[in-house]
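Report on the following structure.
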Amino acid sequence: MAFTAQDVKTLRERTGCGMMDCKKALTQADGDMEKAIDVLREQGLAKAAKKASRIAAEGVAVAYTNDDCSVGVALEVNAETDFVAKNADFQGFVKTVAETVMNENPATVEELLTKTAVGTEMTVADLLQEKIQTIGENIIIRRFERYEGVVTTYIHAGGKIAVMVKFATDVAVNDAFKTYAKDIAMQVAAAAPSYLKKDEVPDEVLEHEKKIMTEQVMNEGKPEAIAQKIVMGKIGKYYEENCLVNQVFVKDNKMSINDYTAQTAKALGGKIEILGFVRFEKGEGLEKRSDDFAAEVASLAGK
């Protein structure tokens, strides 16, 4: 499989490795991007690279709760330009869609489109078409998640990242709890965990990581038997980097999120458990072609 200069550039962006190292890795991997990343990791030249690296679509990622924080919604809506994303009409449409998800609890985007939009007599699909015509750009409702329970939300950088976190707790949802909950949401935004806790990491992902780690250690000259023991120690570091509750708390590196949660629960005289989180980054996984991004957005909508 051949590769291009753009492939080398993309690999460099995803791994932070030098241009020549990226070219060699792509050659060794026969042009396969994911295999090339593994090659660089096995050589100790790169850490794990984000799968969704080319974040180029415009629009917003937002998250809201209702007044008593018992229902929350995270939502991404894409447009063609950043200019439109800042348009008040577009932002009002996004807020209406979020409120409709909150009230109607649709299971999919397709079902959402059939619902009556909050504050109107139009379906969400009809309102969407109206906004496309009046704003003059293609718009797509890309994805959403909805939580019920004790929920907090956080929007970073005006809609670049949206986070929603769900808790189980018997403490009062007062200012002290809300401060803790916001800290957790900001942790998710900043540290981008892939999983909530250890037992959520799929076996195949763990085995893949072990393989990469083993190759790294053996490339350092360690025999395989010794490498296996070293890898078992490295797995703990993998959990610390990728599982929310095991991550080091970004506001206090002397404790983990588990520690911070336990400390807060004790101070508030009850129990707190993080049940789940959603982290949407605007345009995650979408590639904007300079010539025709509108066509790509339309293709996501099945047009």
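The values are calculated or read from the model by the stated rules, or taken from the named source; none is laboratory data. Predicted, not measured: the structure shown is a model, and the values here were computed from it. Please note: Cβ atoms are built from the backbone with ideal geometry, for glycine as well, and neighbour counts cover all protein chains shown. Accessible surface areas use protein heavy atoms only, side chains included; no ligands, DNA or RNA. Shrake-Rupley method; radii C 1.70, N 1.55, O 1.52, S 1.80 Å.
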Check: Does V245 satisfy the condition of being open to solvent by 30 Å² or more (accessible area, probe 1.4 Å) and in contact (Cβ under 8 Å) with a residue 40 or more places away in the chain?
Finding: no
Taking first residues from segment 212-224 that are in contact (Cβ under 8 Å) with a residue 24 or more places away in the chain and of a type outside the set (A, V, I, L, M) and second residues anywhere that are in a helix (DSSP H, G or I) and open to solvent by 20 Å² or more (accessible area, probe 1.4 Å), the pairs with Cβ under 6 Å that are 6 or more apart or on different chains are E215/E42; Q216/E42
For segment 263-278, pairs from a residue that is β-branched (V, I, T) to a residue that is part of a helix (DSSP H, G or I), with Cβ under 7 Å and 6 or more apart or across chains, are T264/Y180; I272/T261; I272/T264; I272/A265; I274/I184; I274/L244; I274/V245; I274/T261
Filtering helices (runs of 4 or more DSSP H) wholly in segment 66-135 for at least 2 residues that are in contact with a helix residue (DSSP H, G or I) (Cβ under 7 Å, 6 or more places away or on another chain), in contact (Cβ under 8 Å) with a residue 24 or more places away in the chain and hydrophobic (A, V, I, L, M, F, W, C) gives 88-104, 109-114, 124-135
>> Please verify whether A162 is closer than 29 Å to L244 by Cβ, part of a strand (DSSP E or B) and more than 16 Å from the chain's Cα centre (by Cα), treating the condition exactly as stated.
In response: no
Those residues of segment 277-293 which are at positive phi and modelled with pLDDT of 85 or more amount to G283
A careful count of residues in segment 199-218 that are open to solvent by 80 Å² or more (accessible area, probe 1.4 Å) and either under 28 Å from M164 (Cα atoms) or modelled with pLDDT under 90 (or both) gives 4
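Counting only residues that are in a helix (DSSP H, G or I) and open to solvent by 10 Å² or more (accessible area, probe 1.4 Å), which one in segment 22-36 is nearest to L11 (Cα to Cα)? Outline the logic, then answer.
Initial filter on segment 22-36 (in a helix (DSSP H, G or I)): 22-28, 33-36.
Now restrict to residues that are open to solvent by 10 Å² or more (accessible area, probe 1.4 Å): 23-24, 27-28, 33-35.
Values: K23: 9, K24: 11, T27: 12, Q28: 13, M33: 7, E34: 9, K35: 11 Å.
The qualifying residue nearest to L11 (Cα to Cα) is M33.
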Filtering segment 6-17 down to residues that are open to solvent by 30 Å² or more (accessible area, probe 1.4 Å) and either in contact (Cβ under 8 Å) with a residue 40 or more places away in the chain or touching a helix residue (DSSP H, G or I) at 6+ places or on another chain (Cβ under 9 Å) (or both) yields D7, K9, R12, E13, R14
Listed by first then second residue, the pairs whose first member lies in segment 36-64 and is over 23 Å from G159 (Cα atoms), whose partner is modelled with pLDDT of 90 or more and open to solvent by 70 Å² or more (accessible area, probe 1.4 Å), with beta carbons under 6 Å and at least 6 positions apart or on separate chains, are V39/Q28
Pairs returned, first residue in segment 136-162 that is at pLDDT 95 or above and open to solvent by 60 Å² or more (accessible area, probe 1.4 Å), second residue that is part of a strand (DSSP E or B) and among the acidic types (D, E), beta-carbon separation under 6 angstrom, 6 or more apart or interchain, are R142/E76
Within segment 170-198, residues being open to solvent by 40 Å² or more (accessible area, probe 1.4 Å) and under 17 Å from F277 (Cβ atoms) number 8
